[in-house]
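Everything below concerns the one structure shown next.
We did not get these values from a lab; they are worked out from the coordinates using the rules stated. Because the structure is predicted, anything quoted here is derived from the model rather than measured. Reconstructed Cβ throughout: ideal geometry from the backbone, glycine too, with neighbour counts over all protein chains shown.
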Amino acid sequence: MISIIMGSTSDLPVMEKACQWLDDHGIPFEVNALSAHRTPAAVEQFARKAASRGVKVIIAAAGMAAALPGVIAANTTLPVIGVPIKGMLDGLDALLSIVQMPPGIPVATVGVNGAQNAAILAAQMLALADPTVAAQVKQHKASLGEKIENANRELAGLQYHHKVN
Ligand code: RP5
């Protein structure tokens, strides 16, 4: 199971994309709000118990001085994927807070507001040991190729005097 944690429900409009991608691909997940600054004890408890509850990968999203993914990573050996949320400073504050972890405590950080990529990366991690999820990931990759094939069919229809293809 994948666990999605966000610092506040104000992060939900972004994190809905992760929920939707997992839902569309039939991958079980839970979603909760916890804050490294507002509920520090609950964050520690969540991280310490996650593995024994069957969580395999944690996606942690936060904005501003985004300590949540790092604090979770400090309290578990599960892989943690951090999603910097764009709030202030175009999200650069959250991006740097999440990505610049000290040696020994990695957080796999996606781009600012990169919720869907976080879901896909989490699925790729699960896919290593779950053939059903692996099939979903494979099908997703194939669909990306189809998108570009369709784009090229569309571009082939464009007509210009000097266009040679
Ligand atoms: C962070 O502070 C949250 O992740 C959110 O992005 C930001 C603002 O939170 P709210 O004041 O909207 O609850 O901890």
Worksheet item: Using beta carbons and a limit of 9 Å, which pairs, at least six apart or on different chains, have the first residue in the stretch 1-14 and farther than 17 Å from F29 by Cβ and the second one of a type in the set (V, I, T) and near the ligand (Cβ under 10 Å from one of its atoms)?
Response: G7/I85; S8/I85; S10/I85
Fill in: Selection within the stretch 61-93 - closer than 24 Å to M125 by Cα, in a helix (DSSP H, G or I) and within 13 Å of the ligand (Cβ to nearest atom)
L68, P69, G70, V71, I72
Worksheet item: Could you list, in sequence order, the residues of the stretch 95-114 that are touching a residue at least 12 places away in the same chain (Cβ under 8 Å), more than 14 Å from the chain's Cα centre (by Cα) and not in a helix (DSSP H, G or I)?
Response: M101, I105, P106
Item to complete: Only residues in the stretch 54-66 that are closer than 12 Å to G114 by Cα and aromatic (F, W, Y) count as the first member; pair them with residues that are assigned to a loop (DSSP other than H, G, I, E, B) and more than 8 Å from the ligand (Cβ to nearest atom), Cβ under 9 angstrom, at least 6 apart or cross-chain, and list the lot.
Response: none
Fill in: Complete set of residues in the stretch 115-129 that are crowded, with 22+ Cβ neighbours inside 10 Å and either within 16 Å of the ligand (Cβ to nearest atom) or free of Cβ contacts under 8 Å to residues at least 12 places away in the same chain (or both)
A115, A118
Practice prompt. Can you run down the residue pairs with Cβ atoms below 8 Å, 6 or more apart or on separate chains, where the first is in the stretch 82-94 and farther than 24 Å from P106 by Cβ and the partner is of a type in the set (A, V, I, L, M, F, W, C)?
Written response: M88/M64; D90/V112
Practice prompt. Quick one: I2 ticks every box in (1) among the aliphatic types (A, V, I, L, M); (2) within 16 Å of the ligand (Cβ to nearest atom); (3) touching a Lys or Arg at 6+ places or on another chain (Cβ under 8 Å) except a single one, so which number is it?
Written response: (2)
Worksheet, complete the sentence: Sole miss for I27 among (1) outside any helix (DSSP H, G or I); (2) within 16 Å of the ligand (Cβ to nearest atom); (3) surrounded by fewer than 23 Cβ atoms within 10 Å (Cβ to Cβ) is condition (2)
Worksheet item: For the stretch 34-60, which residues satisfy the criterion of being within 9 Å of the ligand (Cβ to nearest atom) and buried (at least 16 other Cβ atoms within 10 Å of the Cβ)?
Response: S35, A36
